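Written out below as structure tokens is the structure these notes cover.
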Amino acid sequence: DFEIPRDRGLGTVALTGARIITLDNRRVIERGTVVVRDGRIACVGVCSLTGVTDRIDVTGKTIMPGWVDVHAHHTNDEVDGMIPERRASSARYPAWGVTTTHDPATAEQISFPLSELIEAGRVVGPRTYSTGVPLTCSDFDDLREIDSYQEALDHVRRHAKLGALSIKDYRQCTRVQRQMLAEAARSAGVTITSEGSDPLYILGLIMNGSTGWEHPIQYHPLYADYTRFLGLAGAHYSAQLFISDYPHGAAIDYWLGQEDLWGNPKVREWTPWPELALRRGLTSKPLS
């Protein structure tokens with residue numbers, strides 16, 4: 001029953017003179033104000049400054065909604081299970097404007113406590129969601145056997161109780177298992193994302209009831225009957241384009257050859273040097 005309050009800023013601040021990108025049909029306000037009251041956006045555009053305790057002139061700056069990274073593997077770096085107070089792999093996200101992340105396959109022993117520590121203000125990082133450990137029947141991870149609908153429901157409820165808003169189906173061995181898992185997720189009120197594969201496999205996932213999948217479809221061209229089906233089904237996926245450049249390997253290899261990361265002072269400030277050194281590749285991938 002241990003509880004601590006959620007960390008939130010108190011008081012009222014007005015950011016004035018900004019160019020503001022909104023989510024109102026992509027409308028852009030060339031010069032406006034954003035008022036934040038007790039950690040919540042209270043006004044965007046033309047705002048009364050009554051009751052504002054702090055004003056910050058941001059003329060010449062652009063304010064936009066925070067980025068959401070839906071495939072962010074930053075929740076499982078600790079091999080010993082201890083979460084440090086200063087955690088670079090979490091803090092770097094808000095430093096670059098990412099305010100919310102979702103990890104679609106991680107260790108629940110770290111990911112859910114990390115989310116709570118960030119919410120409590122004990123660790124600096126983005127609002128963090130995750131699926132917990134992926135549910136698989138292969139040797140990819142600890143086995144999560146699903147031989148009945150009740151077993152599928154038990155797995156999903158356990159993850160939901162820990163804090164998962166979604167769960168990860170990592171290629172359950174049979175279609176019946178995937179169907180039971182999708183139905184259990186629907187019953188528990190959580191979404192289900194799956195590990196992607198070839199187009200026929202993805203069709204089966206969506207028909208089974210999965211709400212999405214991870215990684216791009218590595219086949220092209222795709223024809224209208226296929227794309228219309230996915231669109232009408234409301235299926236979602238995270239393309240992870242920076243690691244996928246089918247059939248030429250990983251796109252990140254090209255960008256690492258273009259960017260002088262180790263010479264960037266902001267990157268050095270937010271990245272531990274051993275990790276940065278590993279990013280310094282010895283080869284440069286061509287554009288095509």
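Values computed for the structure shown
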read-out	value
Condition check for Ala235: farther than 23 Å from Glu151 by Cα and modelled with pLDDT of 90 or more	yes
Residue ID - most open to solvent (accessible area, probe 1.4 Å), chosen from residues in the range 216-241 that are in contact with a helix residue (DSSP H, G or I) (Cβ under 8 Å, 6 or more places away or on another chain) and assigned to a loop (DSSP other than H, G, I, E, B)	Tyr219
Residue satisfying all of: in the range 9-52; assigned to a loop (DSSP other than H, G, I, E, B) and under 15 Å from Pro65 (Cβ atoms); least open to solvent (accessible area, probe 1.4 Å) among these	Thr22
Qualifying residue in the range 76-93 (condition: open to solvent by 90 Å² or more (accessible area, probe 1.4 Å) and within 14 Å of the chain's Cα centre (by Cα))	no
Filtered residues of the range 81-136 (kept if assigned to a helix (DSSP H, G or I), out of contact with any helix residue (DSSP H, G or I) (no Cβ under 9 Å at 6 or more places or on another chain) and among the charged types (D, E, K, R))	Glu116, Glu119
Unique match (being within 28 Å of Tyr219 (Cα to Cα), aliphatic (A, V, I, L, M), buried (at least 17 other Cβ atoms within 10 Å of the Cβ) and in contact with a Phe, Trp or Tyr (Cβ under 8 Å, 6 or more places away or on another chain)) among Ile192, Ile167, Ile202	Ile202
Yes/no for Leu135 being farther than 19 Å from Thr271 by Cα, at pLDDT below 95 and open to solvent by 40 Å² or more (accessible area, probe 1.4 Å)	no
Residues satisfying the stated conditions in the range 167-215, i.e. part of a helix (DSSP H, G or I), of a type in the set (Val, Ile, Thr) and under 29 Å from Phe242 (Cα atoms)	Ile202, Ile206
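The values are calculated or read from the model by the stated rules, or taken from the named source; none is laboratory data. All values derive from a computational prediction rather than experimental measurement. We place every Cβ from the backbone using ideal geometry, glycine too, and count neighbours over all the protein chains shown. Surface accessibility is based on the protein's heavy atoms, side chains included, excluding ligands, DNA and RNA. Shrake-Rupley method; radii C 1.70, N 1.55, O 1.52, S 1.80 Å.
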